[in-house]
Every structure is written in C-alpha cells, then in structure tokens.
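Please read the structure below before turning to the comments.
The values are calculated or read from the model by the stated rules, or taken from the named source; none is laboratory data. Remember, predicted model here, so these are calculated numbers, not experimental data. All Cβ positions, even for glycine, are placed from backbone atoms using ideal geometry, and neighbour counts span all protein chains on display. When the accessible area is computed, the model is the full protein with side chains, heavy atoms only, and any ligands, DNA or RNA have been set aside. Shrake-Rupley method; radii C 1.70, N 1.55, O 1.52, S 1.80 Å.
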Amino acid sequence: MKIEWLIALYLFVSLMMIVFNFGFLGYEKVHAKRFATKTARIAEALRVEIARNAEFPTDEHKRMLERRMKQLSGMESFDLTMTRLEELDPEKSNRYLQGIGTVFDHLTYHFAKKSDLHRAYFAYVLKRWYRQQPASDTVIQALLHAVREGSFYARQNAFEALAQVGSARAFADAVALVERGGDFHHPKLVTETALAFAGDAHELEEELRERFDSFLPHTQAAVINYLRMSGRGDPEKLCALLDDDTADLEVRLACARYFMRNFWEPAEAVLRRLAASDDPATWEYAAVAATALASYPSIETFEVLKRCLSSSSWFVRQNAAKTLFDWGLSLDDLDDVMNGPDAYARDMLTYRWELEDIGHSAAGGMPPGQPTATPLADQQVITAAKLAPESGVGA
C-alpha cells in the first residue's frame, strides 16, 4: 500500500473522530436541556399538587408522587420543589414531609433493584427529606444494604442518610459495615459523618464505646477523632490507650490529639514521656506530643520541649518551637538555647520566630514577636515559667 493511502486513511479516521466528538457534545447539550425542561415542568406540577395536599396528603397524591419519584428527573424535581417550599414555609414543609413518609418506604423496594447511581441519589433525597421518626425498618435496612454493598458514592450517601434519619444503633452498625467492606473508605469520612449525626450524641457515644474494641485500628482512630471534635469520650480510657506501647500507631496519635483539645491533667505526664523519646523510630509520637503539650504549660513541660529542639527529627523540632512560641515566650526567654552548642535548635527557633513575624506582618495583625494564641493555657503559669530561675528562662 502506498504511503499516500495510509496518510489518507489516517486523515479520514481523525476527521470521523472529530465529527463524533462534536456530535456527542451536541447530543449531551440537547439531552441536558431536555432534562432540565422536563425537571422544571414536573417541578411545577409537583408544586401545585403539594400546595393542594400540603396539610393532609391523600392516598392518590402519594401514589402520584411515588410514580414521579421512580425516575431521576422526578426525584430532582421533588428535591427542587421541597427546597423552595422549605424556604417559604418551613412548618408547612415539615408537616407535608411527615405525611408522605410511607412513599419513601415504598420507593426503597424499587431502588433496591436499581443501579448505584439511582441508589446514591435516592439516599441523598432520604437524607434531606425523610422526616418519619423513628425511621421505618424498611428504610434503615435499605440504607444499611447500600452501605454494605454499594459503590463509594452510594455507600457514602447512605452513610450520611443514616446519620440524619437513623438511630444511634443503626449508625454504629453502619460504621462497622463500612470498615468490613472490601473497598477502602477513608476514616476522615467516618469522623465527619459521625459529627453530622442528628440523633442523641450521648447514645451514639455509648454505641461506639461498646463496639470500640471490635473495630479495626483505622476505625478506632476515626472514632477517637470524633470524640475529640465533639468534646466527648472517656479520658481515662483514652489516656490508657495513649500510654499503651502495644497499641496501634494511629490510635495512639489520635489519643494524643484528643488531649491537646480536651485538657486532662493526668495525660500531661504521658505526653511528656512521648515527647522526650529519643528513639528515631517513634518520631511521630514525639512530634504530635510536642504539639499537644501546648495545652499543658509547666516548668517540666518547658524543659522537655527544650530537649525536643535538639531532636534528630525536623518535625519534632518544629512542633516544639511552635508550642514555645504559642506560649508567649520570646527568644530572650530561650537565651540558654540560643547561646547553646546546638545549631539545629538555634536555627529552628530563629526560623519559627521569623516565620511567625512574617505571617503577622502579612496579615496586618499583632506586633512581631507576639504569639498567635495561648490555647487552653493559664497565662499565670506561663509567666511563672518565664521567670522561674531554676528553669533558666529569662536568665
């Protein structure tokens, strides 16, 4: 075959690909426009029907609503209509949603056989508009099934829906199902979804506590992060976990962060021990503990942080310097380090203070050399630490 024919064939194929791409883009644009028009038309019809049946939804209205919501366009129209109604009259919207609770029960059977796309969107609609309390077993079991066997989007939407409409026990069951699934589900999503739980937070804490030992380490860390951010949890048990050298790394680090946000005096000694470790293999513990000790200002902690400035890990040195800065200390208070033999410690202190000064100047905030905050610290304790002659501070 002549080379000219090969070139001509290549040009023809390229031209056909260009034509196909433009044709497909045009089809998608027309399809999207038709879908939007259909959704708007159904939404207007639903608005009229809902306004007529808002107080006492009839069985005929429920059957009509069920037929419409079996399609994606119908669910989107329902979502749009209810959003507008809730903005105009929240009480009326709530009464109507309570009256159509059985519609969602019937739809769960329909969407259980559909694709993950349909199940994911139905779970989203349930999260926003399901008001029946307590939630029916039909809805809860359908959501748990999606958590166990759905794709990522169906699983996460069902997980969020359970946080909104489910009981504490149902949500704790979902947490267990998420970690047992074959696909990875990021622990951060577990923490954020738990924080959005709409039920009794105390009951959820109890349910998670009962299951805690059966969870995998990454789920345990997610639960501890939830307790940290919600201000809950048993500090005695978490401190024991922090002090347990056989516990998982991520679990112990989550415990250290817990005590940074939730002050508990007995945890200070454990945090100091972790921060003072010179083992390069455990630098993560020292780095996080050096940050957590910002909430525990004392002479003993001050001495430990100065030792951290000589750590072989850059992260440990940086976190220790940040904590000392946040305590309100100045470089004059750390004169023994600045004039000491450790160049790494001097460089880290100089770097941290210059970095903070640049940040303050750029933000137009506090004068250079002043701390950004004193988290959970008693200023009198800090002042005593700065003036204590035996500590060498301010010498």
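For the options L208, L334, L15, a Gaussian network treatment of the chain with springs between C-alpha atoms closer than 10 Å singles out L15 as fluctuating the most. Convex hull volume per residue, computed on the Cα atoms of the range 55-192, equals 104 Å³.
Rounded to the nearest Hz, the phi-derived 3J(HN,Hα) couplings of the range 236-242 under the Karplus curve 6.51 cos²θ - 1.76 cosθ + 1.60 (θ = phi - 60°) are 5, 5, 5, 5, 5, 5, 4, where x marks glycine and proline.
For the chain, what value does the Rg/Rh ratio take when both radii are computed over Cα atoms and Rh is the Kirkwood radius, given to two decimals? For the chain, the value is 1.15. The three principal axes of the C-alpha atoms in the range 256-297 carry coordinate ranges of 27, 15, 14 Å, sorted with the longest axis first. Cross-link partners of K113 among lysines, defined as those whose alpha carbon lies under 24 angstrom from its own and excluding same-chain residues fewer than eight positions apart: K62, K70, K127. Using all pairs of distinct alpha-carbon atoms, the Kirkwood hydrodynamic radius of the range 120-270 works out to 15.8 angstrom.
Solvent-accessible area per residue in the chain equals 53 Å², computed with a 1.4 angstrom probe and all protein chains kept. Rolling a 1.4 angstrom probe over the range 275-329 with all protein chains present gives an accessible area of which 57% lies on carbon and sulfur atoms.
Within straight-line reach of K2, meaning a Cα separation under 30 Å, there are no lysines at least 8 residues removed in sequence or on another chain. Ordered from highest to lowest accessible area with the whole protein assembly present and a 1.4 Å probe, M16, M75 read as M16, M75. Distance between the modelled labels on F184 and D336, one decimal in nanometres: 4.6 nm (7 Å Cα→Cβ projection). What the Cα atoms of the range 213-327 give is an Rg and a Dmax of 13.3, 41 Å. Sparsely packed loop sites in the range 57-136 (the trypsin sites (Lys or Arg not before Pro) outside DSSP H, G, I, E and B with at most 10 other Cβ atoms within 10 Å) comprise K113.
Largest accessible area first, the residues F56, F171 order themselves as F56, F171 under a 1.4 Å probe with ligands, DNA and RNA left out.
For K322, the lysines whose Cα falls under 29 Å of its own Cα, not counting residues fewer than eight places away in the same chain, are K188, K237, K306, K386.
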